[in-house]
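A quick write-up on the structure given underneath.
The values are calculated or read from the model by the stated rules, or taken from the named source; none is laboratory data. Small disclaimer: the values here were computed from a predicted structure and weren't measured. Cβ sites come from the backbone with ideal geometry, for glycine too, and all protein chains shown count toward neighbours.
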Amino acid sequence: MNDYYEILGVPRTATQEEIKRAYRKLARKLHPDVAGPEAEEQFKEVGRAYEVLSNPEKRQMYDLGGESALGGNGGTGAGFGFSDIFETFFGAATGATRGPAPRGRRGQDALIRLEIDLRDAVFGVEEEIQVETAVLCGTCNGTCTRPGTSVQTCAVCGGRGSVQRVARSFLGNVMTTSPCSACGGHGTTIPDPCPECSGQGRVRTRRSIPVSVPAGVDTGNRIKLTGSGEVGPGGGPPGDLYVELRVRPHPVFARRGDDLYARVEVPMTAAALGTVLHLDTFDGPQEIDIAPGTQPEEVITLPGLGVGRLNGHGRGDLKVEVDVEVPTALDDRQRELLAELAALRGEEHAEPRLAPAANGVFSRLRDKFAGR
Ligand SMILES: [Zn+2]
Ligand SMILES: [Zn+2]
């Protein structure tokens, strides 16, 4: 937190004259025309500190409740605007009955992304994620006060959190109720803030959170971890943490829904004669029967070896598509054998045989697309 006294380099007992002198000295040194743009932030901070400490009323409020007593940004504090007057005429009652505002507010939700392997989406996985987050201050346990001290009832509003004022306006004299600026509307002040968290009730830290990723998740799915978000200001209850998943593409297996797809290449002779292939799957090596006469793009289904279903009931299938390789480089002996085979099959002068449309390439593409 910004300590205005520290910023100006003066003791808390400094007189107005000492504060003014300290400010002038710093402002001359830090002015952007002198110190360059790097010092601009510091220059502004010094200006804010002086704005508050040079005004006896604001300084008193600041001494009682720190920066938050001034409305968060060290701004105009006790001022009231048109909305107060407006509220007085059109809904003043609600303002008057409002109690003190609790110091602790709910923390923000957070979103973190997590990449997992396809295998983890198939079976589910226990992961550990690292998050940069606000946690309850261990020194004050979220009470914001230095251990052994406690909050004090606000002397300005008597603990109500709001103050009533008679204000002169263009509408005449009106009674306004506004949040007490001495205590920020909380009804209490912290004379001795916790040194660990500067009276915020929370500290930033890096922590690891276990995440249980269920089988069947896919890219874009979010897992909600209730209460694992940031602890709120003033040690308020934590928000929720959302873990958004991305499943890394796999070099062998593609996924469609709960089914996995793989493509194997089989030599022309093996497709004709039949063979047994060995394929490493997520469930270990599997034997795949290539029946004699297997055709290009034929799909062999291994039931239950796909992705686990998100609802916990069973798994999809593993579908293996067969790609038939036609040899491109033949030596003399191989050509001779193939020619002999062609002769035996009466295929020396192949004529086009038109397949029925239903078995044609278009329907095969359609079947593939439908995952059959
Ligand atoms: Zn603390
Ligand atoms: Zn107050």
Quiz item: Which of the residues spanning segment 6-42 are of a type outside the set (S, T, Y) and outside any helix (DSSP H, G or I)?
Solution: G9, V10, P11, R12, A14, H31, G36
Quiz item: Looking only at residues in segment 142-155 that are of a type outside the set (V, I, T) and more than 34 Å from the chain's Cα centre (by Cα), which one is farthest from ligand 2 (Cβ to nearest atom)?
Solution: G148
Quiz prompt | Criterion violated by S181 - all others in (1) over 30 Å from E132 (Cβ atoms); (2) within 16 Å of ligand 1 (Cβ to nearest atom); (3) not aromatic (F, W, Y) satisfied | solution = (2)
Quiz prompt | Any chance G239 is assigned to a loop (DSSP other than H, G, I, E, B), surrounded by 18 or more Cβ atoms within 10 Å (Cβ to Cβ) and not hydrophobic (A, V, I, L, M, F, W, C) | solution = yes
Quiz item: Which residues, taken from segment 141-163, are within 13 Å of ligand 1 (Cβ to nearest atom) and not in a loop (DSSP other than H, G, I, E, B)?
Solution: T145
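Per-residue answers, yes or no, for (1) outside any strand (DSSP E or B); (2) of a type outside the set (A, V, I, L, M):
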site: V264; (1), (2): no, no
site: A271; (1), (2): yes, no
site: H278; (1), (2): no, yes
site: I300; (1), (2): no, no
Self-check item: Residue list for segment 9-50, filter: under 21 Å from M61 (Cα atoms) and under 38 Å from the mean Cα position of the chain (by Cα)
Solution: K44, E45, V46, G47, R48, A49
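For (1) touching a helix residue (DSSP H, G or I) at 6+ places or on another chain (Cβ under 7 Å); (2) assigned by TED's automatic domain parsing to the domain that holds D280; (3) away from ligand 2 (no atom under 16 Å from the Cβ); (4) without any contact (Cβ under 8 Å) to a residue 12 or more places away in the chain, each residue gets a yes or a no:
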{"residue": "I116", "(1), (2), (3), (4)": "no, no, yes, no"}
{"residue": "R119", "(1), (2), (3), (4)": "no, no, yes, no"}
{"residue": "V122", "(1), (2), (3), (4)": "no, no, yes, no"}
{"residue": "E132", "(1), (2), (3), (4)": "no, no, yes, no"}
{"residue": "C140", "(1), (2), (3), (4)": "no, no, yes, no"}
{"residue": "G161", "(1), (2), (3), (4)": "no, no, no, no"}
{"residue": "V166", "(1), (2), (3), (4)": "no, no, yes, yes"}
{"residue": "P179", "(1), (2), (3), (4)": "no, no, no, no"}
{"residue": "G184", "(1), (2), (3), (4)": "yes, no, no, no"}
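Here is a yes/no grid of residues against (1) modelled with pLDDT under 95; (2) among the aliphatic types (A, V, I, L, M); (3) outside the structural domain of N221 (by TED's automatic domain parsing):
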| position | (1), (2), (3) |
| --- | --- |
| G274 | no, no, yes |
| D283 | no, no, yes |
| G312 | yes, no, yes |
| K319 | no, no, yes |
| V326 | yes, yes, yes |
| E347 | yes, no, yes |
| N359 | yes, no, yes |
| L365 | yes, yes, yes |
Practice problem: Those residues that are loosely packed, with under 13 Cβ neighbours inside 10 Å and either under 30 Å from C194 (Cβ atoms) or within 40 Å of the chain's Cα centre (by Cα) (or both), I need them from segment 156-171; list them, please. | Solution: G158
